[in-house]
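Everything on this sheet refers to the single structure shown next.
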Amino acid sequence: MNKITKLFLIIFSLFYASNSQAMLNIFACESEWAALVKEITQDKSDIFIAVHPKQDAHHISAKPSLIAKARKADLLVCNGGDLEAGWLPIIIKNSRNNNIITGAPGNFMATDYVDLIEKPSQIDRKFGDIHIYGNPHIHFSPDNILIVAKELLKKITSLDPKNKKYYNDNYNNFRALFSKKMQSWRKIKIKNEIIVIHRSYSYLLKWLSVDNYYNIEKYSGVSPSLKHLKYLGDKFTSDKKFTALISDFDDRSLKKWLSEFKNINVLNINYSPDFDEDIISFFDKIFKQISESQNL
Ligand SMILES: [Zn+2]
């Protein structure tokens, strides 16, 4: 190797090292929050997603590979509100990364910035209810997306102030596009009776002004009793039209049970965006599914 090549390689590796250091290393629990971070940081972050978009975020295992990723993170962006209570504390503790522990500058929980709905009147785990602080599935409300995006901007800018203008511009572009889309999503009229299995879509239904709907689970995360199913089955045996919103990880046997009713249209609504799906496309897809189902 001649001297010039050697010098070039040294300069190149120094440049590469400093460049990679400049990237914000982000550990996102779910792809919805990763997609939102991406809108703000664009190419200035390296985002790892812990939960596969088709996996159930309530129940994943704290694998060593996740702990290793958390160890290197500058910022942890998760849902919070006990959605990840079964595995995230183990990951944070074992990562030994003081940047991301509770209260540290690199710890961001989306539910900290939103008022949770469906808070249980009495906290009693004897029913097996998995959401004791209220419903944590906040990302299905477009309003909540904008609230969390604003807080994420503050958080990201505080960790990387030199790119403040870049993040601000990205955020403003996103906010403008998303707000325009919200106007068309708001126009969707729900005509059918709605059914859900788990309370995953409560914020979405509230946003669409649907106040009453059927919930197959009497207690969050607990399979319904036969008595409860019988009660619901009687309700569903009618001339009314129903739309059931079912997520990728809802109980398949319940999904099958619902699909056996001729007047129930079962919609598979993705809980999270795919890896390459941006947040606007994700909402566009879901609102289109729901809108079309109302005219069947
Ligand atoms: Zn849940």
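The values are calculated or read from the model by the stated rules, or taken from the named source; none is laboratory data. Since we're looking at a predicted model, the values are computed, not measured. Cβ sites come from the backbone with ideal geometry, for glycine too, and all protein chains shown count toward neighbours.
Table for the structure above
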read-out: Those residues of the stretch 169-191 which are out of contact with any helix residue (DSSP H, G or I) (no Cβ under 7 Å at 6 or more places or on another chain) and within 16 Å of Lys38 (Cβ to Cβ), in sequence order; value: Asp169, Asn172, Asn173
read-out: Selection count, the stretch 174-213, where residues are without any contact (Cβ under 8 Å) to a residue 12 or more places away in the chain and more than 26 Å from Val266 (Cβ to Cβ); value: 3
read-out: Tyr213 vs. criteria closer than 29 Å to Tyr133 by Cα, exposed (fewer than 15 other Cβ atoms within 10 Å of the Cβ) and over 17 Å from the mean Cα position of the chain (by Cα); value: no
read-out: Extreme residue, surrounded by the most Cβ atoms within 10 Å (Cβ to Cβ), among residues of the stretch 39-64 that are away from the ligand (no atom under 16 Å from the Cβ) and among the hydrophobic types (A, V, I, L, M, F, W, C); value: Ala50
read-out: So Ile67, is it part of a helix (DSSP H, G or I), at pLDDT 95 or above and surrounded by 13 or more Cβ atoms within 10 Å (Cβ to Cβ); value: yes
read-out: Some residue of the stretch 148-167 being of a type outside the set (Gly, Ala, Ser), at negative phi and assigned to a loop (DSSP other than H, G, I, E, B); value: yes
read-out: Output for the stretch 81-93, where each listed residue is under 17 Å from Ser31 (Cα atoms), away from the ligand (no atom under 12 Å from the Cβ) and buried (at least 22 other Cβ atoms within 10 Å of the Cβ); value: Leu88
read-out: Odd one out for Lys218 among (1) over 24 Å from Asn144 (Cα atoms); (2) crowded, with 19+ Cβ neighbours inside 10 Å; value: (2)
read-out: Failed condition for Ile130, given (1) modelled with pLDDT under 85; (2) more than 19 Å from the chain's Cα centre (by Cα); value: (2)
read-out: In the stretch 232-250, residue surrounded by the most Cβ atoms within 10 Å (Cβ to Cβ) [restricted to those that are in contact (Cβ under 8 Å) with a residue 24 or more places away in the chain and among the charged types (D, E, K, R)]; value: Asp250
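One line per residue, one yes/no per condition, for (1) at pLDDT below 95; (2) surrounded by 16 or more Cβ atoms within 10 Å (Cβ to Cβ); (3) within 16 Å of the ligand (Cβ to nearest atom):
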site: Asn79; (1), (2), (3): no, yes, yes
site: Ser95; (1), (2), (3): no, yes, no
site: Ile101; (1), (2), (3): no, no, no
site: Phe108; (1), (2), (3): no, yes, no
